[in-house]
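Some notes on the structure that comes next.
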Amino acid sequence: MSRAPREDVDDRNIEVGHHQDHAAGVPGVYHALKISYEQMGAARTTQTLLKLNQKKGFDCPGCAWPEKDHRHIAEFCENGAKAVAEEATKRTVGADFFARHSVQELNQKSDWWLGQQGRLVEPMIKPAGQDHYVPISWDGALDLVATELRGLDDPDRATFYTSGRTSNEAAFLYQLLVRAVGTNNLPDCSNMCHESSGSALTKAIGVGKGSVQLDDLEQAELIVVMGQNPGTNHPRMLSTLEVAKQNGAVIVAVNPLPEAGLMNFRNPQTPKGVVGGGTDLTDDFLQIRIGGDQALMMAVAQLLLQDDAVIDRAFIDEHTHGFDEYVTNIKGLDFAELVEATGLTEQQVRGLAARFTASNKTIICWAMGITQHKHSVATIHEIVNLLMIQGNLGRPGAGVCPVRGHSNVQGDRTMGIFEKMPEWFLDKLQLEFGFDPPRKHGLDAVDSIRAMRDGKIDVFMAVGGNFIRATPDSDVTEAAMRKCRLTVQVSTKLNRSHAVVGETALILPTLGRTDRDVQASGEQKVTVEDSMSRVHASHGSLKPPSGNLLSEVSIISRLAKRTVGDKYDIPWDEFEADYRTIRDRISRVVPGFDDYENKVADPNGFTLPHATRSRQFPTLTGRANFVAGPLEYPKIPEGRLLLQTFRSHDQYNTTVYGLDDRYRGIKNGRRVVFVNADDLKQLGFQDGEMVDLISEWKDGVDRRAEGFRIVQYDTAKGCAAAYYPETNVLVPLDSVADVSNTPASKSVIVRLEKA
Ligand SMILES: Nc1nc2c(c(=O)[nH]1)N[C@H]1C(S)=C(S)[C@@H](COP(=O)(O)OP(=O)(O)OC[C@H]3O[C@@H](n4cnc5c(=O)[nH]c(N)nc54)[C@H](O)[C@@H]3O)O[C@H]1N2
Ligand SMILES: Nc1nc2c(c(=O)[nH]1)N[C@H]1C(S)=C(S)[C@@H](COP(=O)(O)OP(=O)(O)OC[C@H]3O[C@@H](n4cnc5c(=O)[nH]c(N)nc54)[C@H](O)[C@@H]3O)O[C@H]1N2
Ligand SMILES: [Mo]
């Protein structure tokens with residue numbers, strides 16, 4: 001199925017207006033409140049939005065951007081409010097709903113429709129051979145999963161997905177259960193997100209995370225924002241950039257599109273943002289060609305290396321490895337080809353080099369526009385290399401800032417959600433819990449799909465997320481999932497992963513971040529880690545949508561007790577009753593978490609140590625590594641376009657909040673493809689025409705997404721854009737980033753055909 005039938009969305013009604021050159025301001029607040037009232041009603045809206053990101057409130061389930069210590073009373077953003085409304089909605093999906101709709105029928109609905117139905121409120125089973133979910137007791141459901149897991153011929157025949165909303169406590173227990181079962185098959189959303197950042201940074205600086213804090217951004221002299229659309233995806237970052245700007249920072253946006261938030265920001269929390277023209281954030285907008293970022297970093301490096309005065313010799317000599325080889329590599333590249341690969345003018349590239357030269361404190365921020373290409377890991381190495389020329393690591397106001405996605409995706413990794421967790425972690429688990437965790441590396445997201453496709457997986461379990469829609473090559477992935485004997489989804493809301501399932505399927509409904517969580521020892525809090533390694537508590541406070549929900553911790557503890565309770569002496573009951581006992585174990589296993597309970601009693605939480613900040617580099621060489629490699633960039637064949645698949649302003653990953661992308665001028669629909677005017681002329685198409693998108697890959701298979709309206713748009717030449725997840729069908733499973741195995745969902749070669 002290349003096109004989700006959408007009798008509930010009529011794309012003929014799509015309206016296209018002008019894209020905006022600024023983000024937020026009063027309309028942002030208006031849209032936030034409107035959607036909140038619709039989903040939650042007035043009382044719940046006030047109650048939730050006032051608690052959002054406040055000390056003693058709950059952590060916003062939106063993005064992973066950190067909080068300031070001293071918060072505004074309404075430190076929420078439009079899209080944070082939408083994320084909360086989506087979870088705290090009063091609408092519910094119960095047994096009667098599933099009696100009305102068969103699984104097959106649910107699979108005909110749009111992602112938007114599915115998400116709009118409300119919160120899941122009771123455990124459900126789709127028995128083998130049937131097409132409807134029916135209710136099942138918690139004991140019945142958990143016994144069934146445990147029996148399947150205990151009966152596996154080989155523990156590697158099960159795979160366990162995590163999405164990045166899972167709390168530290170639940171994530172720690174989940175990886176413990178999975179490793180006690182005997183496998184490292186722990187794919188997570190990170191595999192499709194910042195895995196390229198993690199891979200590159202671990203090799204380069206020894207820590208797979210960003211090195212800067214909010215304070216650093218506020219005192220930076222130059223901030224380069226690459227491949228990121230913060231106005232939509234990290235709106236609170238704009239407040240930080242605004243402060244940086246007021247403090248004199250130069251901000252450069254590197255993006256194929258002039259994204260609204262980066263160009264101008266009207267901060268709804270300041271008088272100027274409400275009535276004035278806002279702040280022009282971006283000094284230089286570099287409209288790069290998709291995939292040209294490595295070339296840009298190399299070209300700037302070549303220019304910087306011409307001037308000895310720019311090079312921080314002391315830093316390089318004392319702390320780094322591989323500089324000479326790097327210099328030889330960069331000097332050997334053809335400058336004209338580098339410029340050509342960026343799609344920018346030579347003057348723009350020289351201008352960026354001049355910005356670097358003039359700055360003593362530089363930070364580079366990036367997100368999915370950098371991580372989802374074949375050569376993403378190599379690109380991130382060049383980002384780090386470039387920063388290191390001037391010693392921009394481990395000093396105030398400088399460093400690397402990969403901006404993370406899901407609100408606790410970084411924490412989940414810290415807790416051991418990783419198919420390749422290092423030996424020292426496994427050793428510590430062994431010491432703490434008295435069993436020998438498996439040492440063989442497990443399957444990541446793409447490899448899990450391959451294994452399912454090849455009949456090597458019996459049980460698929462997911463704590464959160466929407467695996468079937470988040471992953472590439474939808475037709476292949478759906479067929480793979482259907483080969484499993486049992487699929488289990490621990491979820492808050494209905495999505496397509498409940499409609500594309502194995503022979504037997506379970507839905508285990510769970511509490512969300514906003515819900516009150518009461519266990520035997522009383523009300524519980526959980527903890528999360530933001531994009532800047534800060535760990536803090538989150539207290540759910542709303543009445544859960546049903547009395548029949550279990551927390552993620554409860555579900556995992558009860559399942560673990562049934563599955564491995566007789567094998568190992570792990571106090572699963574105690575963990576469920578009192579989450580402090582989990583934090584106690586974390587404090588003994590995970591570095592940086594000593595005195596955990598006391599530290600998270602502080603409403604501001606605490607910051608995990610990051611070696612880079614003290615110029616320690618725990619890499620294989622014991623130094624920060626310059627990593628040299630060949631120039632790579634996508635070559636686009638004649639008559640084709642390079643498609644990036646990205647987010648509208650009205651969605652959270654696979655959750656579609658609504659059908660408007662206000663910042664890009666799109667209303668009432670999502671099946672649009674943004675193309676540059678020159679390309680349209682050259683290809684013989686016009687704005688408003690309906691086309692199919694067909695991706696081309698070396699396996700010769702034509703992957704097709706049907707029925708997209710062309711929108712003439714200011715994107716870099718040769719580069720198109722369309723929304724995910726509708727276009728995931730176009731991303732070949734084998735089109736992945738080298739090293740990190742992340743789907744290359746920002747580099748899809750497509751041709752257009754008249755629909
Ligand atoms: N409201 C909201 N918030 C979110 C999310 C959401 O869906 N909705 N998702 C969350 C998650 S999990 C994540 S990972 C983040 C995602 O945050 P982003 O990475 O901002 O998300 P995308 O929409 O994928 O945007 C990619 C950006 O990179 C640009 N780009 C594409 N290709 C290239 C390239 O080759 N080079 C350069 N320089 N730029 C390029 C695109 O034009 C776009 O501006 O946001 C998080 N926050
Ligand atoms: N083509 C293309 N594909 C992409 C991307 C892209 O840019 N282009 N981006 C990739 C990225 S960056 C990411 S992170 C992935 C996202 O992949 P996922 O994390 O798998 O997807 P989400 O859409 O965030 O998951 C939404 C679902 O999570 C469940 N949920 C929400 N909150 C909770 C909770 O508190 N607990 C539990 N148990 N469940 C909860 C709800 O049921 C909801 O339907 O997609 C990736 N896929
Ligand atoms: Mo992500």
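Calculate for the chain the 222 nm mean residue ellipticity that helices alone would give, adding -39,500 (n - 2.57) per DSSP H run of length 4 or more and normalising by residue count, nearest 500 deg cm²/dmol.
Working: 30 runs with 268 residues, N = 755.
Using -39500 (n - 2.57) per qualifying helix, the result is -10000 deg cm²/dmol.
Taking all Cα pairs closer than 8 Å and separated by 6 or more residues, the relative contact order of the stretch 605-694 comes to 11 percent.
Taking the alpha carbon gyration tensor of the stretch 79-151, multiplying each eigenvalue by 5 and rooting it gives semi-axes of 26, 17, 11 Å, largest first.
For the pairs Lys203/Lys420; Lys456/Lys698; Lys667/Lys746, flag any whose C-alpha to C-alpha distance is greater than 19 Å. If you can, show how the numbers build up before the last one.
Values: Lys203/Lys420 14 Å; Lys456/Lys698 25 Å; Lys667/Lys746 23 Å.
From the list (Lys203/Lys420; Lys456/Lys698; Lys667/Lys746), the Cα-Cα distance tops 19 Å for Lys456/Lys698; Lys667/Lys746.
Of the residues Ala253, Ala299, Met124, the one whose Cα sits farthest toward the positive end of the charge dipole of the chain, with +1 on the Cβ of Lys and Arg and -1 on the Cβ of Asp and Glu, is Met124.
FRET efficiency for Asn360 and Arg615, Cβ-Cβ distance as r, R0 = 25 Å, nearest 0.05?
Working: r = 16 Å, r/R0 = 0.65.
Rounded to the nearest 0.05, the efficiency is 0.95.
When the Debye formula is applied to the Cα atoms of the stretch 389-452, each taken as the same point scatterer, what base-10 log of I(q)/I(0) results at q = 0.20, 0.24, 0.26 Å⁻¹? With no solvent term, the Cα-only Debye profile gives -0.94, -1.04, -1.09. Computed with a 1.4 Å probe on the full set of protein chains, the accessible area for Cys193 sits at about 20 Å². Mean sequence separation of contacting Cα pairs (under 8 Å, at least six apart), scaled by the length of the stretch 641-754, corresponds to a relative contact order of 37 percent.
Taking N as the number of residues in the stretch 532-582, what value does Rg over Cα atoms divided by 2.2 N^0.38 Å take? Walk me through the numbers on the way to the answer.
Working: Rg = 13.8 Å, N = 51, 2.2 N^0.38 = 9.8 Å.
After normalising by residue count via 2.2 N^0.38 Å, the value is 1.41.
Applying a 4.7 Å Cβ-Cβ cutoff to the chain, the cysteines left without a disulfide-compatible partner are Cys60, Cys63, Cys77, Cys189, Cys193, Cys484, Cys719. Averaging the sequence gap over all C-alpha pairs within less than 8 Å and six or more residues apart, then dividing by the number of residues, gives the chain a relative contact order of 22 percent.
Given R0 = 45 Å, the distance between the Cβ atoms of Asp308 and Arg439 translates into a calculated FRET efficiency of 0.40. Kirkwood hydrodynamic radius, computed over distinct alpha-carbon pairs, for the stretch 343-384: how many Å, to one decimal? Result for the stretch 343-384 stands at 12.0 Å. Modelled spin labels at Asp139 and Arg91, positioned 7 Å past Cα toward Cβ, are 3.5 nm from each other.
Remark: for residue pairs Lys34/Lys525; Lys126/Lys483; Lys681/Lys754; Lys483/Lys567, the C-alpha separation exceeds 20 Å in Lys34/Lys525; Lys483/Lys567.
Rounded to the nearest angstrom and listed largest first, the equivalent-ellipsoid semi-axes of the chain from its Cα gyration tensor are 37, 31, 26.
Using only Cα coordinates, the Kirkwood hydrodynamic radius of the stretch 102-202 works out to 16.7 Å. Shape verdict for the stretch 534-668, please, from the Cα gyration tensor: rounded (a/c under 1.5), prolate (a/b greater than b/c) or oblate. Here the stretch 534-668 falls in the oblate category. Identify all lysines with a Cα-Cα distance to Lys68 below 19 Å; exclude those on the same chain that are fewer than 8 residues away in sequence. Cross-link targets: Lys51, Lys55, Lys56, Lys245, Lys599. Just check the stretch 641-754 against the gyration tensor rule for me: Cα atoms, a ≥ b ≥ c as the square roots of the eigenvalues, rounded for a/c under 1.5, and otherwise prolate or oblate depending on whether a/b exceeds b/c. Oblate shape, in that a/c is at least 1.5 and b/c is the bigger or equal ratio.
To the nearest 20 debye, what charge dipole does the stretch 641-754 have about its Cα centre, counting +1 at the Cβ of each Lys and Arg and -1 at the Cβ of each Asp and Glu? Let's see the in-between values first.
Values: 15 positive and 17 negative charges, 47 e Å.
With Lys and Arg at +1 and Asp and Glu at -1, about 220 debye.
Summary of the geometry: the stretch 586-661 and the stretch 130-164, compared by the centres of their Cα atoms, lie 31 Å apart.
Temperature 25 °C, viscosity 0.890 mPa s: under these conditions the Stokes-Einstein estimate for the stretch 703-755, based on its Kirkwood radius over C-alpha pairs, is 195 µm² per second. Here the dipole of the chain is about 1080 debye; that uses its Cα centre as origin and unit charges on the Cβ of Lys and Arg (positive) and Asp and Glu (negative).
The distance between label points at Gln130 and Glu689 comes to 5.1 nm (points 7 Å beyond Cα on the Cα→Cβ vector). Once you place label points 7 Å from the Cα toward the Cβ at Arg100 and Ala336, how far apart are they in nm? For Arg100 paired with Ala336, the spin-label model returns 6.7 nm.
Each DSSP beta bridge with both residues in the stretch 196-320 is either parallel or antiparallel, and the antiparallel ones are about 20%. Taking the dipole about the Cα centre of the stretch 368-475, with the C-beta of Lys and Arg at +1 and of Asp and Glu at -1, give me whichever of Met421, Leu386, Pro438 is farthest to the positive side. Most positive-ward Cα: Leu386. Of the peptides 534-547, 444-457, the ranking by mean beta-carbon count within 10 Å, highest at the top, reads 444-457, 534-547.
Antiparallel versus total DSSP beta bridges in the chain: what percent is that, nearest 5?
Working: 38 of 90 bridges.
Once the DSSP bridges in the chain are tallied, antiparallel ones form about 40 percent.
Select from Gly405, Met452, Pro472 the residue farthest towards the positive end of the dipole of the stretch 381-530; place +1 on Cβ of Lys and Arg, -1 on Cβ of Asp and Glu, and compute about the Cα centre. Positive-end residue among those listed: Pro472.
Taking amide H as placed 1.01 Å from N in the peptide plane, Asp188 has its amide H under 5 Å from the amide H of Thr162, Ala445, each at least 5 places away in sequence or on another chain. Between Thr328 and Asn548, the contour length at 0.36 nm per residue exceeds the Cα-Cα span by 72.8 nm.
The values are calculated or read from the model by the stated rules, or taken from the named source; none is laboratory data. Computed from a prediction, not measured in an experiment: that's the story for all the values here. Cβ: placed from backbone, ideal geometry, glycine included. Neighbour counts: every protein chain shown. The accessibility values were calculated without ligands, DNA or RNA, using every heavy atom of the protein model including side chains. Shrake-Rupley method; radii C 1.70, N 1.55, O 1.52, S 1.80 Å.
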